[in-house]
Amino acid sequence: MTKKKRGLASLAMGALATALILSGCGAASSGQTQGQVPGMKTIVVGLQAEPVTLDPHQVTDYNTSRTVDPMFERLVEFKDESTELEPGLAESWDISPDGLVYTFHLRQGVKFHDGTDFNAEAVKFSIDRQIDANHPYHDTGDFAYAEFTFGYVKEVRVVDPYTVEIELKEPYAPFLSNLAMHSASIVSPAAVQKYGRQFSQHPVGTGPFRFADWKSGVEVVLEKNPDWWKGQAKIDRLVFRPVIEDQARLTELESGSLDFIVNIPPDELARIGASSSYTVLRQPGMHVWYLIFNAQKPPFDKKEVRQAVNYAINKEAIVHDLLQDTGVVAKGPLPPVVWGSTDDVKPYPYDPQKAKELLAQAGYSDGFEVTFWVPESGSGMQQPKAMAAAIQSDLRKVGIQLNIQTFEWGTYLDKVLGNPADLPEVFEMSWMGDNGDPDNFLYILLSGDQWPPAGFNMGYYKNDQVDELLRQAQRLSDRGQREALYQQALKLLVEDAPWAWIDHETQIVAMKSSIKGFKLHPTGVFRFQNVDLQTP
């Protein structure tokens, strides 16, 4: 592609700069949430952290995507409770026999929140803005997902006002699924042209809810779109509030200032679930929590050391005792709910003696000392500080000393997405799948083609055999053939141990029982357009 990305570091810094700008203009002086408004149906959602942007093309984290998604739509969408595709802003589409040209027939009569028309020009603008370095509005954002989502796009052509063609450089099987991701959201060209980089604070899409207000550190307020092409949502307002501490979030739910929360403290789940005042929903997650080893820096440039750490961590104890079975132990990087997953891999049971033997083979019989970065909270990070302490204790038993350094989530993202020369030997991370395709885990996170700034292989791991298998899988349309290739790649990856994978979190939310019709989605986004509030 023609775009030369500036890098994930600039994305993180841009996001933090946005937060600083917002904190200087428009923050509520009283610090009070708007909360409920008499006569208006409102749901107040408690998130783990504040969104870092409201531009869907710049989204990289869970909390941000949950806030942004209600405002935007895409050509194709995931069905409720599934990653199967259905028509969205495109009523239908055709794919050429060679798999290179996708022709989308667009829905007519759809308006953006600013009153401008949705059409083929808006589709072309939304893609070209991200991938064309010469596009006049390419400098309005830092698009971390652009390479992954649109890296195979050769050209976007407007055939007529409601027909658009997207031509690929070569066949790419996950492409349609990628078009249902946040980075493929269709934005208002007029709004981007009006606000420039400040579009991240003035988002305009076609979705069921539209932007109303953002008070930095306090809340983001959305209101229903009265002109949504599917009809109006049943609730009037959505309010997203950052409440960093899990216990504080639960306290605010029980006090009534929040209606819906994520990441309930595991010890409290049974109590909350037993109360008629609340509804708790669970769903197996497309999630993995892991330690990233810096594969370019000793001692983790040696496979035996990486394997030793996997043996040394008592993953079962973390999941059962610390997380109270709110996840399942990970056997590899791909969640079991994602097709392509296999149990036919080499396991890493808890075996400190085996870990010591591998360390000795690698020349570290006396162990070693390294820096370990840990966030205080964050998207999909579960109990990051407590998990870090448990891992530190386990590794100390085999002679490995982890020196923990903790950071606030925004700062943490800035650092792990920054200069690779500044990365420590090991750090925590999590990933939630965007589209239900194995490519969205294995390629973007572990391919040698996806070293930053191209993707999110932040440990700078590379295995030529894995890379070739993942590339082959992208070019095939037959799912059975693709699955066989991914399973071969998984066996190599588990043997090579580029990460220490710990668990796959179960997606859990708690809400007031007055909220009716909410359904969890495998991608982790929240869909409130069909939700209603039961009045007393």
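The amide H of Ala233, built 1.01 Å from its N in the peptide plane, has Asn225 as neighbours under 5 Å, considering only residues 5 or more places off or on other chains.
Computed packing ranks the peptides 326-338, 140-152 as 140-152, 326-338, most packed first, by mean other Cβ atoms within 10 Å.
Each Lys and Arg Cβ is given +1 and each Asp and Glu Cβ -1; about its Cα centre, the chain then shows a dipole of about 500 debye. Projecting the Cα atoms of Phe211, Ile318, Asn435 onto the charge dipole of the chain (Cβ charges, centred on the Cα centre) puts Phe211 farthest toward the positive pole. What percent antiparallel are the DSSP beta bridges of the chain, to the nearest 5? Here the antiparallel bridges make up roughly 75 percent for the chain.
Each residue of segment 153-170 was assigned a 3J(HN,Hα) from its phi angle through the Karplus curve 6.51 cos²θ - 1.76 cosθ + 1.60 (θ = phi - 60°); the sequence is 6, 8, 7, 10, 10, 8, 7, 7, x, 10, 9, 9, 10, 10, 9, 9, 6, 7 Hz, with glycine and proline shown as x. Counting only Cβ charges, +1 for Lys and Arg and -1 for Asp and Glu, the dipole size of segment 237-342 around its Cα centre is about 520 debye. Proximity of backbone amide H atoms, modeled 1.01 Å from N, is registered between Tyr278 and Ser513 at under 5 Å, excluding neighbours fewer than 5 places apart on the same chain. Placing a label point 7 Å from the Cα of Ser513 along the Cα-to-Cβ direction, the residues of segment 235-254 whose backbone N falls under 16 Å from that point are 254. Using θ = phi - 60° in the Karplus curve 6.51 cos²θ - 1.76 cosθ + 1.60, the 3J(HN,Hα) couplings for segment 98-115 round to 7, x, 9, 10, 10, 10, 10, 9, 8, 6, 9, x, 7, 10, 6, 4, 8, x Hz; x is entered for Gly and Pro.
Residue by residue, segment 295-312 carries 3J(HN,Hα) couplings of 6, 9, 10, x, x, 7, 6, 9, 4, 4, 5, 4, 5, 4, 5, 4, 6, 7 Hz when phi is fed to the Karplus relation 6.51 cos²θ - 1.76 cosθ + 1.60 (θ = phi - 60°); x denotes Gly or Pro. Less than 5 angstrom separates the built amide H of Phe368 from those of Ile400, Gln401, all sequence-distant by 5 or more or on a different chain.
Projecting the Cα atoms of Thr140, Leu222, Val153 onto the charge dipole of segment 125-223, computed from C-beta unit charges around the Cα centre, puts Leu222 farthest toward the positive end. Just to be sure I understand: of the beta bridges DSSP finds with both ends in segment 287-507, what percent are antiparallel, rounded to 5? Roughly 60 percent of the beta bridges in segment 287-507 run antiparallel, per DSSP. Of Arg527, Arg479, Arg74, the sequence from fewest to most neighbouring Cβ atoms within 10 angstrom is Arg479, Arg527, Arg74. Computed over every Cα-Cα pair of segment 287-507 and binned at 5 Å starting from 0, the pair-distance distribution P(r) comes out as 1, 7, 15, 20, 21, 18, 12, 5, 1, 0, 0 percent.
Taking the Cα centre of segment 278-394 as origin and assigning +1 to Lys and Arg Cβ atoms and -1 to Asp and Glu Cβ atoms, the resulting dipole is close to 240 debye.
Give me the net charge for the shell around Pro375: Cβ to Cβ below 12 angstrom, other residues only, Lys and Arg +1, Asp and Glu -1.
With Lys, Arg at +1 and Asp, Glu at -1, the net is -3.
None of the figures in this text is laboratory data; all of them are computed from the coordinates on show. Note that the structure is a prediction, hence the values are computed from the model and not measured. A quick note on method: Cβ atoms are made from the backbone with ideal geometry, for glycine too, and the neighbour counts reach across all protein chains shown.
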